[in-house]
Amino acid sequence: MRNFKNYDVWTDGVDFCVEVYKMTEQFPKKETYALSDQMQRAAVSIPSNVAEAFPW
């Protein structure tokens, strides 16, 4: 049985998401609810969209 977690695009997306979260922790506090929030949501959408599109 195939699983979306076995695809490189999903694992790379998760790794990218982790890196974005690490990077945005270094942003100034005034960016917490602006740029960093937007970047985090965009990064999370990559593996989420892959999982959502996977044919069950």
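Hey, does segment 32-47 have a residue that's touching a helix residue (DSSP H, G or I) at 6+ places or on another chain (Cβ under 7 Å), among the aromatic types (Phe, Trp, Tyr) and in a loop (DSSP other than H, G, I, E, B)?
No, every residue in segment 32-47 fails to be touching a helix residue (DSSP H, G or I) at 6+ places or on another chain (Cβ under 7 Å), among the aromatic types (Phe, Trp, Tyr) and in a loop (DSSP other than H, G, I, E, B).
Could you tell me which of the residues VAL9, VAL20 is part of a helix (DSSP H, G or I) and surrounded by 13 or more Cβ atoms within 10 Å (Cβ to Cβ)?
Going through VAL9, VAL20 in turn, just one is part of a helix (DSSP H, G or I) and surrounded by 13 or more Cβ atoms within 10 Å (Cβ to Cβ): VAL20.
Is there a residue being open to solvent by 70 Å² or more (accessible area, probe 1.4 Å) and among the acidic types (Asp, Glu) anywhere in segment 32-41?
no
Per-residue answers, yes or no, for (1) free of Cβ contacts under 8 Å to residues at least 12 places away in the same chain; (2) of a type in the set (Lys, Arg); (3) in contact with a Cys (Cβ under 9 Å, 6 or more places away or on another chain):
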{"position": "TRP10", "(1), (2), (3)": "no, no, no"}
{"position": "PHE16", "(1), (2), (3)": "no, no, no"}
{"position": "LYS22", "(1), (2), (3)": "yes, yes, no"}
{"position": "PHE27", "(1), (2), (3)": "yes, no, no"}
{"position": "GLU31", "(1), (2), (3)": "yes, no, no"}
{"position": "ALA34", "(1), (2), (3)": "yes, no, no"}
{"position": "GLN38", "(1), (2), (3)": "yes, no, no"}
{"position": "ALA53", "(1), (2), (3)": "yes, no, no"}
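Could you say which residue among GLU19, GLU31, GLU52 is out of contact with any Lys or Arg (no Cβ under 7 Å at 6 or more places or on another chain), more than 30 Å from ARG2 (Cβ to Cβ) and of a type in the set (Asp, Glu)?
Matching residue, one of GLU19, GLU31, GLU52: GLU31.
Taking the stated definitions as given, is SER45 among the small types (Gly, Ala, Ser), open to solvent by less than 50 Å² (accessible area, probe 1.4 Å) and at pLDDT 95 or above?
Spelling it out, SER45 is indeed among the small types (Gly, Ala, Ser), open to solvent by less than 50 Å² (accessible area, probe 1.4 Å) and at pLDDT 95 or above.
The values are calculated or read from the model by the stated rules, or taken from the named source; none is laboratory data. Keep in mind it's a predicted model, so treat the numbers as computed, not measured. All Cβ positions, even for glycine, are placed from backbone atoms using ideal geometry, and neighbour counts span all protein chains on display. Side chains are part of the model used for accessible areas, which takes the heavy atoms of the whole protein and leaves out ligands, DNA and RNA. Shrake-Rupley method; radii C 1.70, N 1.55, O 1.52, S 1.80 Å.
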